[in-house]
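Visitor: Mind looking over this structure? Questions follow.
The values are calculated or read from the model by the stated rules, or taken from the named source; none is laboratory data. Model, not experiment: these values are computed from the prediction. Ideal geometry is used to build each Cβ from the backbone, glycine not excepted, and the neighbour counts take in all protein chains shown. Side chains included, ligands, DNA and RNA excluded: accessible areas come from the protein's heavy atoms. Shrake-Rupley method; radii C 1.70, N 1.55, O 1.52, S 1.80 Å.
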Amino acid sequence: QVRLVESGGGLVQPGGSLRLSCLASGNIFNFMTMAWFRQAPGKERELVASITRARSTNYADSVKGRFTMSRDNSKNTVYLQMDSLKPEDTAIYYCANDPTNPGVWGQGTQVTVSS
């Protein structure tokens, strides 16, 4: 069973940056496509970004050009670099093991963008 633990959230001003991390336990990490989702208050959870084992990435239109997802297989970790943050990026961010049919979720990390 894979376990996912996110970190790196916090409070940042508009235009600022944060880097989220997601540490995966278990040795199947190298074979998984990983994803970041987010859920804002009163809204449904949405897919933000995904990365394949070959490091091919996809992004939601709302974050293209501002967010970058990467992975370090040697550390069983995926990252989400978030730049030029906007108030509408405020949400709980979750790491998951698959962008289309996620079966394993992390506990989430809060990102708040506010002046």
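Visitor: Going through K86, K75 one at a time, which residue ends up being basic (K, R) and at pLDDT 95 or above?
Guide: K86
Visitor: Identify, please: which residue in the stretch 1-26 is more than 26 Å from S84 (Cβ to Cβ) and either touching a Leu at 6+ places or on another chain (Cβ under 6 Å) or basic (K, R) (or both) and is, among those, surrounded by the most Cβ atoms within 10 Å (Cβ to Cβ)?
Guide: A24
Visitor: In the stretch 27-43, what residues are over 16 Å from the mean Cα position of the chain (by Cα) and either surrounded by 13 or more Cβ atoms within 10 Å (Cβ to Cβ) or in a loop (DSSP other than H, G, I, E, B) (or both)?
Guide: N27, I28, P41, G42, K43
Visitor: Right, another one. Of all the residues that make up the stretch 73-115, how many are open to solvent by 40 Å² or more (accessible area, probe 1.4 Å), among the charged types (D, E, K, R) and either within 14 Å of the chain's Cα centre (by Cα) or more than 22 Å from G42 (Cα to Cα) (or both)?
Guide: 3
Visitor: For the stretch 62-95, which positions are free of Cβ contacts under 8 Å to residues at least 40 places away in the same chain and either in a loop (DSSP other than H, G, I, E, B) or polar (S, T, N, Q) (or both)?
Guide: Of everything in the stretch 62-95, those that are free of Cβ contacts under 8 Å to residues at least 40 places away in the same chain and either in a loop (DSSP other than H, G, I, E, B) or polar (S, T, N, Q) (or both) turn out to be S62, V63, K64, G65, R66, T68, S70, S74.
Visitor: Of the residues that make up the stretch 15-23, is at least one basic (K, R), in contact with a Phe, Trp or Tyr (Cβ under 7 Å, 6 or more places away or on another chain) and part of a strand (DSSP E or B)? Give the derivation first.
Guide: So in the stretch 15-23, the residues basic (K, R) come out as 19.
Next cut, in contact with a Phe, Trp or Tyr (Cβ under 7 Å, 6 or more places away or on another chain) only: 19.
Those left that are additionally part of a strand (DSSP E or B): 19.
Yes: one or more hits.
Visitor: For residues in the stretch 44-61 being free of Cβ contacts under 8 Å to residues at least 12 places away in the same chain and in a loop (DSSP other than H, G, I, E, B), which is least open to solvent (accessible area, probe 1.4 Å)? Break it down into steps so the answer makes sense when it comes.
Guide: Filtering the stretch 44-61 for residues free of Cβ contacts under 8 Å to residues at least 12 places away in the same chain gives 44, 54, 56, 59, 61.
In the following step, the residues that additionally are in a loop (DSSP other than H, G, I, E, B) were identified as 44, 54, 56, 61.
Values: E44: 157, A54: 88, S56: 64, D61: 125 Å².
Going through the qualifying residues, I end up with S56.
Visitor: Is it the case that some residue within the stretch 28-41 is modelled with pLDDT of 95 or more and out of contact with any strand residue (DSSP E or B) (no Cβ under 7 Å at 6 or more places or on another chain)?
Guide: No.
Visitor: Do the conditions hold for G103, that is, is it among the small types (G, A, S), without any contact (Cβ under 8 Å) to a residue 24 or more places away in the chain and under 24 Å from V113 (Cβ atoms)?
Guide: It is false that G103 is among the small types (G, A, S), without any contact (Cβ under 8 Å) to a residue 24 or more places away in the chain and under 24 Å from V113 (Cβ atoms).
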